[in-house]
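Please read the structure below before turning to the comments.
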Amino acid sequence: MDRKKFIAMSSLGLAAIKWPNKSSIINKPIVISTWDSGMAVNEAAWKILSSNGKSIDAVEAGAIYIEDTINCCVGLGGYPDRDGIVTLDACIMDEKSNCGSVAGLEQIQHPISVARKVMENTPHIMLVGNGALQFALENGFKKEDGKLSSDADNAYKKWLEKSDYQPEINIENKKNHGPFAPAFFDDGTPNHDTMGLVAMDVHGDLSGAVTTSGMAFKVHGRVGDSPIIGAGLFVDNEIGAATSSGVGEEVIRICGTHTVVEYMRQGYSPEMACKKAVERIVNRDTQKASGIQVGFLAMNKKGEFGAYAIQKGFVYSVKTNNENKIYTSKYIL
Ligand code: ASP
């Protein structure tokens, strides 16, 4: 290829990429989180952000808040696996790419805080199962009784009536569901609602946290995307941060949140970066994607945010000095 042609083609390529507008104002502090349950989570995080605290403390506080509430899909009140055991996954990541994670953790109220201890007190990133429990106990966490919440107990009993093997994740737009994961609850109760949040503090530093009991009625030992750095959460303090909710297996397959951040690095807006990651899932197996939900949520270094999902119904919550609201994500199918 001659030089002129090469230069012409390269500049065309560059023109195709949407570079961020350098003049736009940094929106900080800011916290964004998955689902409408994120509104209360954001409030918990905001207490720290609004008093000039660090984003890592804010995201931990937000996750702790939801771990303390009865919610289908987070904390010890969440739905169990197919053996009736609640197993918790969580991870946390700060502006220096320090990160910690736990998976398959049982009987501990605050998996997010155990993940933070893994980050701060060990040379490792991820601890699982009994090892994670042992570590938690050694670090002063209390072992809870392991009883199901009454919501979870009811849902589990209902599930046992059919005990479908395949772990299912509902999509909010039920009319549109495909063969792989029909909406689970007849009354429309969601069986997923993983809490993922990312925040930027007044110093401009980004952090993120994710906490979940994972896919309801999963196989014992199954781990989804949520505690996996680069799948359920990724933070790059130079570029931005992203989190996800939905069928974890599909997120892991494309290293979802790392992919979103890399798209932002290329100059895409948070919403477009999320869209491009969702497209990868949909393009890989459109039939499968038609029956499941995955949503990505991202923020860039300027405090711009956006989301995209496979299906209708993914919502997220945003809190800044100027707004405190629930946004509806765009979707592909
Ligand atoms: N991503 C979670 C998982 O696969 C489920 C969810 O978003 O609720 O475990």
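Loop-resident GluC sites (Glu not before Pro) (DSSP state other than H, G, I, E or B) in segment 187-288 with no more than 14 further Cβ atoms inside 10 Å of their Cβ: E238.
Under the combined filter of DSSP loop state and at most 10 neighbouring Cβ atoms within 10 Å, segment 65-163 retains these trypsin sites (Lys or Arg not before Pro): K142.
The stretch between E279 and I70 holds 71.9 nm of extra length on full extension. This uses 0.36 nm per residue minus the Cα-Cα distance.
Note that segment 203-275 carries a Kirkwood radius of 12.6 Å, evaluated over its alpha carbons pair by pair.
Each peptide in 65-72, 149-156 gets a packing score, the mean of other Cβ atoms within 10 Å over its residues, and the list from highest to lowest is 65-72, 149-156. To one decimal place, what Kirkwood hydrodynamic radius in Å is obtained for segment 23-78 from all pairs of distinct Cα atoms? It works out to 11.8 Å.
PRE reach from N98 (point 7 Å along Cα→Cβ): which of segment 203-236 fall under 18 Å by backbone N? Counting only backbone N, you get 203-210, 229, 234-236.
This ranking places H110, H258, H124 by how few other beta-carbon atoms lie within 10 Å of each, fewest first, which gives H124, H258, H110. In this structure the amide hydrogen of G75, modeled in the peptide plane, comes within under 5 Å of the amide hydrogens of T212, S213, none closer than 5 places in sequence on its chain.
Residues whose amide H falls under 5 Å from that of D81, counting only those 5 or more places apart or on a different chain, are V86, T87, F217, with hydrogens built in the peptide plane.
Charges were assigned to the Cβ only: +1 to each Lys and Arg, -1 to each Asp and Glu. The resulting dipole of segment 197-333 about its Cα centre is roughly 400 debye.
Since every read-out is calculated from the coordinates, none of them should be taken as a lab result. All values reported here derive from a predicted model rather than from experimental measurement. Note that each Cβ is placed from the backbone with ideal geometry, even for glycine, and that neighbours are counted across all protein chains shown.
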